[in-house]
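K.L.:
Quick one: this structure, given as structure tokens, is what I'll be asking you about.
Read-outs throughout are calculated quantities, based only on the coordinates presented, and are distinct from any laboratory measurement. On a predicted model such as this, the values are computed, not experimentally measured, just so you know. Using ideal geometry, Cβ is built from the backbone for each residue, glycine included, and neighbour counts are taken over all protein chains shown.
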Amino acid sequence: MKLKHLLLGTALVASTVVAAVPASAQNSIYIPLLTYRTGPFAVSGIPIGSGMADYLNMLNERDGGIGGVRLNVEECETGYDTKKGVECYEQVKSKNPIVINPYSTGITLQIIPKAAVDKIPILSMAYGLSASADGQNFPWIFNPPATYWDGASMFVKYVGEKEGGLDKLKGKKLGLVYLDAPYGKEPIPLLEALAKDYGFELKLYPVPAAEAQNQSSLWLNVRRDRPDWIYMQGFGAMNPTAIKEAIKINYPMNKFIGNWWSGGDDDARPAGPQAKGYLSFTFNQTGTNFPIIQEIIKHVVDKGKSQVQKDKVGETFYNRGVLNSIIIAEAIRNAQKISGKKEINGEDLRRGLETLEITAARLKELGAEGFASPMKVTCQDHNGHNAAFVSEWDGTKWNKVSDWIAPIKEKVNPLIEQASKDYVGANAGWPKRSEPCDKSS
Amino acid sequence: MLYREAGQYKTNYAADVSVFPLREDRVGLAVILFLAFCVVPFISNGFMLQAVLIPFLVFSLAAIALNILTGYTGLISLGTGAFMGVGAYACYKLTTFFPQVNIIIWVIASGFFSAAVGALFGLPSLRIKGFYLAVATLAAQFFLSWCFIRVPWLYNNNVSGAIEVPTRTLFGIPITGATATPFTRYLVVLTIVVVMTWIASNLVHGRIGRMWMAVRDMDLAAELIGIRLLPTKLLAFAVSSFYCGVAGALLVFFWYGGAEAAVFDVNQSFFILFMVIVGGLGSLTGSFFGAALIFILPIALRVLAPAVGLPLHPSTVEQLQFMIVGALIIFFLIVEPHGLARLWQIGKQKLRVWPFPY
Amino acid sequence: MDLLYKIFVDPFVQMGAAPDLLVQTLWEGLVAGVLYALIALGFVLIFKASGVFNFAQSIMVVFAALTLVGLYALLRQWGVRPTDLAAFLALGLTIGVMFLLAVAVERMVLRPLVNQPDIILFMATFGLTYFLIGLGQLVFGGESKVMIAEELYLPRGSYEIKMLGGFVNFQKIDIAAAIIASIMVATLAIFFQKTRIGRALRAVADSHKAALSVGISLEQIWIVVWFAAGIVALATGIMWGARSEVSFALEIIALKALPVLILGGFTSIPGAIVGGLIIGIGEKIGEFYWGPLLGSGIESWLAYVIALLFLLYRPQGLFGERIIERI
């Protein structure tokens, strides 16, 4: 009995040594996807992960890859846990990934310093560190189409519109319900700055991650304070509970706006029919009415090569994952064009991302007309500060109820510059940008 | 035949009470140290060092810490994660205040902060015993977790609430931060862990360790023979938290490169507790074994499954990992409640009389 | 001075100023307390009968709820048309699954560890927790699920009563939870006092050896007790799942049951209820009125600190047996 243990133990250790040899991948481009299909945020992570993987697999199936080179897509399970995310990063690093999608602000923050040293670009689409929009100080980090600060400014702009003008905000109370984690705290500096400028009062309602399903006291506070509008920076299991609690205290749903990660179908649906009218920002459309989604269904979902349930295709978060992969694919095409190579590496993709320009015409070509806002990335601006729109939940699906709202760039940009400077100052020895700037072709 | 006392005479008391009386043991230890210092860093690739060996050493140190408290003194503690966090944040604040002082000094110094906090939360241990003390330490865990998020001074008012590790050097070579190579970091961590294990070994084999074990076995009897309970228990909390604090600082500065409050939550405490259970309560070698099994097993599963060709999705591997860890804990408790360390001891005993059965 | 005012006077002023909010907070505390008490009840049952501190009770809550929802979905998939038939059939099957779980636990975990010290058994339930987490996620998937509250005829909606200058909102599901909890406690109390098996359980709780010597089968008793705890876990899972949703995040909330046990005593059923109510109400009032002083979010540790303070003065809890240490 004991000998068996000893042998088993040694076999396990030996296998780790053996299996740690990285798997080589010839003639393909390796794209790791850091996803979470387990844990308290799985409700959001599953459709996103499926969307990301499905679009890239569709390109493999339909076109044989990009530029003739197949895409090697692999998922690494993080459970939205920073520790596992960093582990996944270390694990995939040796296999020459061309880009990392951490899909968690916490993990992104940890990997940002390593990206420049390891020469792997990070694509943190509309999440991560808002200050990393500054391409000068963060040459390896990209976060199109909009930052959290853009989102918060869009919220204030939308509220201003509804109230009859930004000057009417004076004296009003705006509340922020947020996850008590780096992700949730991101919009606070911008909202505080805007509160000073426009004269509204900002009330903060943090939700500790462990209490995500036990928010009744927090919403009692909301009931006591009666803010005029609420912005939610939530994720995962926190969202449906928040909506249910808001209904309980009779908070009007049409004054309750979630950010783009609080607007999933599985966020609003559990709250039942009373959640009708709940609003959320989003920068991608929902529905299967787009040729590109139909292609995914035809080549991947119907052939059983997808992890998604058929009726979930077209939901907000699924389409967002698709958008993420569209950005990756376009960047790969760009990189292949700039470098002249077919099998690009991380440095090539960085240049590809930096000169990324997805015009409305290109979206139409892809079969995604109106799917998302056209976006452009430059050397100085790794984000683009593009517009988003407001959707309303009608009980079964999301409907677009506003035009594309642009962020208040004149407020956001100086803050980003300042934050970027602060970050570099706080981290002594931050490398100065040495990568040259390609001209957009 | 290979492992015998025959021919080894003890000629003074010091030799008689030494920790490793057999020469073969001492030789074995020297070989392991030699391999760890001189061979392993040169033959391992970056992934092995960064993702397997450095965290294994860090968790071994944390497991030693918990073992001192729970294994040797019998005080169940579920606050390990929080005490590690205290050490990590203390080190961060110290190095931001005095960036020119060597980081290793701050790593050790942060242990003292952790020890102070640990002793404070250990005060109830005189009146509370057993499971109830576990709940008291849970109070410490949740309160400190809350502090890590809510006290902005701790993370330098950083907007994101996370701390980033600045680059620090030793003899001109960077040892923390993004530019430090796994090689240098591994050597630094190994040195610190070896030295602290040596100190812990001396503590538990000496007078203080015997006081702790007396308190564990029956504290009323210990009090009767003259051991003062409160100072002993507080000392156990303090020393254990010191080790936790150093482990926490090592974790953040030499492994992660940054941290946020969620790293030191209650799951981390449970994680270390499992290592101690599986490794063996009351044994320093057990801490190493437990850390190895509980930490390396999931990685092995994750890397092994695709290598063997099983088409397991990463999330399935994750779930299997939970099930296997849980099943392993139950299995070990049934088969050998004293953990891997006891199995090791039995193995050595069998080796001493080999090739005879007894 | 200002600080003292803020701590000792201001919260009471606030309480007076908005009495409807006070009543609402008290009600919320009551509801949370009832749910904590239900989880604690499961702990107490097992501790009373076998001396095992079942750390896995919280994951049993999640597991039971997940099984119910999963079986319901499966039955619907297999074509069982009427929703209430599917729901109650799923409920019956889940009760069966909890019974099988009890048998499995007794066979594979308790029986091999029969004479080990308590701490070993405690650690074994840790292992059980992790195992069930992995199994639950593997079988049912990691995302959260919606509890089939409607199909089980649990009421939806709320009563809004205008009182004291504002309104107080009573969720019907919370009222249902309180009623079901009381019924369960009453049933368990009658079960323990009046039936033969109840007497056997009390005998086992007093002394294993004496119970064996009068011919009580320990294995059967343990299966019964774990099964009862499983039923309690199922009820808790249904209630809590109906209030928010069924996900693994519930498992951490269930750690709150530990302070409840401390307050009430590990071996007392009425103690679990009283302790739950005290912790629930104390937590909500503390968070709402004193929380903003400290930056809010103090709910995560307030319960433990209350329990800790209690422990210093009355280690056995309100209703627990006095701990007598013998040399």
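K.L.:
Just checking the output field for C:307-319: average partner chain Cβ neighbours within 10 Å of each residue's Cβ?
P.N.:
The mean count of partner-chain Cβ atoms within 10 Å per residue comes to 3.
K.L.:
Would you mind giving the mean number of other chain beta-carbons within 10 Å of the Cβ of each residue in B:137-144, as a whole number?
P.N.:
Details: counts 2, 9, 12, 4, 4, 12, 7, 1.
If you average over the peptide's residues, the count of other-chain Cβ atoms is 6.
K.L.:
Using the Kirkwood radius built from alpha carbon pairs, what does the Stokes-Einstein equation give as D for chain A at 37 °C and 0.692 mPa s, in µm² per second?
P.N.:
146 µm²/s
K.L.:
I need to check one value: relative contact order of the stretch C:14-313, counting alpha carbon pairs closer than 8 Å and at least 6 residues apart, in percent.
P.N.:
37 percent
K.L.:
For a quick check, take a GNM of chain A with Cα springs below 10 Å and name the residue from A:A242, A:A419, A:A210 with the largest mean-square fluctuation.
P.N.:
A:A210
K.L.:
Okay, next question. Peptides B:213-225, A:35-47, A:68-80: what's the order by average Cβ count within 10 Å, highest mean first?
P.N.:
A:35-47, A:68-80, B:213-225
K.L.:
Between helix A:238-248 and chain A, what is the angle of the helix's C-alpha long axis to the longest principal axis, kept within 0 to 90° and rounded to the nearest 10?
P.N.:
20 degrees
K.L.:
Sticking with this structure for a sec: Identify which of C:R196, C:R107, C:R76 has the largest mean-square fluctuation in a Gaussian network model of chain C, with springs joining Cα atoms closer than 10 Å.
P.N.:
Greatest mean-square fluctuation among the candidates belongs to C:R196.
K.L.:
Just check the stretch C:14-313 against the gyration tensor rule for me: Cα atoms, a ≥ b ≥ c as the square roots of the eigenvalues, rounded for a/c under 1.5, and otherwise prolate or oblate depending on whether a/b exceeds b/c.
P.N.:
Here the stretch C:14-313 falls in the oblate category.
K.L.:
222 nm [θ] for the protein assembly as shown, helices only, -39500 (n - 2.57) per DSSP H run of 4+, per residue, to 500?
P.N.:
-18500 deg cm²/dmol
K.L.:
Here's something else I'd like to know. With angles folded into 0 to 90 degrees, how steeply does helix A:148-163 sit against the dominant principal axis of chain A? Use alpha carbons for both and round to 10.
P.N.:
The answer is roughly 30 degrees.
K.L.:
Please report, in Å, the Rg and the Dmax of the protein assembly as shown, where both are computed over Cα atoms only.
P.N.:
Cα radius of gyration and Dmax of the protein assembly as shown are 29.6, 97 Å respectively.
K.L.:
Let me know the shape class of chain B, please: from the alpha-carbon gyration tensor, a ≥ b ≥ c as square roots of the eigenvalues, rounded when a/c is under 1.5, otherwise prolate if a/b is greater than b/c, or oblate.
P.N.:
Rounded, because the longest to shortest axis ratio a/c is under 1.5.
K.L.:
Using a 10 angstrom cutoff on alpha carbons, build the Gaussian network for chain C and name the most mobile of C:G230, C:G166, C:G317.
P.N.:
Residue with maximal mean-square fluctuation among C:G230, C:G166, C:G317: C:G166.
K.L.:
How would you order B:283-294, B:24-35 from highest to lowest mean count of nearby Cβ atoms within 10 Å?
P.N.:
Result, highest mean first: B:283-294, B:24-35.
K.L.:
Another question, then. Please state the shape class of the stretch B:218-358: rounded when a/c is under 1.5, otherwise prolate if a/b exceeds b/c and oblate if not, all from the C-alpha gyration tensor. Can you show the working numbers first?
P.N.:
Details: a/c = 2.30, a/b = 1.22, b/c = 1.89.
It comes out oblate by the Cα gyration axes.
K.L.:
For A:W140, C:W27, B:W354, B:W255, which order do you get if you count the other beta carbons within 10 Å of each Cβ and list the fewest first? Numbers along the way, then the final one.
P.N.:
Working: A:W140 28, C:W27 20, B:W354 12, B:W255 23.
The order, fewest Cβ neighbours first, is B:W354, C:W27, B:W255, A:W140.
K.L.:
While we're here: Can you pull the mean other chain C-beta count within 10 Å for peptide B:332-341?
P.N.:
The shielding value for this peptide is 4.
K.L.:
Sorting check: for C:77-85, C:121-129, which peptide has the highest mean count of neighbouring beta carbons within 10 Å, and how do the rest follow?
P.N.:
Taking the mean over residues of other Cβ atoms within 10 Å, the ranking is C:121-129, C:77-85.
K.L.:
Another question, then. For A:E201, what residues show an amide H to amide H distance below 5 Å, using hydrogens built from the backbone and excluding near sequence neighbours?
P.N.:
Counting only residues 5 or more places away or on other chains, the set is A:G171, A:K172, A:K173, A:L174.
K.L.:
In chain B, which helices (entire DSSP H runs) extend 24 Å or more along their own long axis, judged by Cα positions, while averaging at least -1.0 on the Kyte-Doolittle scale?
P.N.:
Helices meeting the span and hydropathy rule in chain B are B:80-97, B:103-122, B:131-150, B:182-205, B:229-250, B:284-308, B:314-335.
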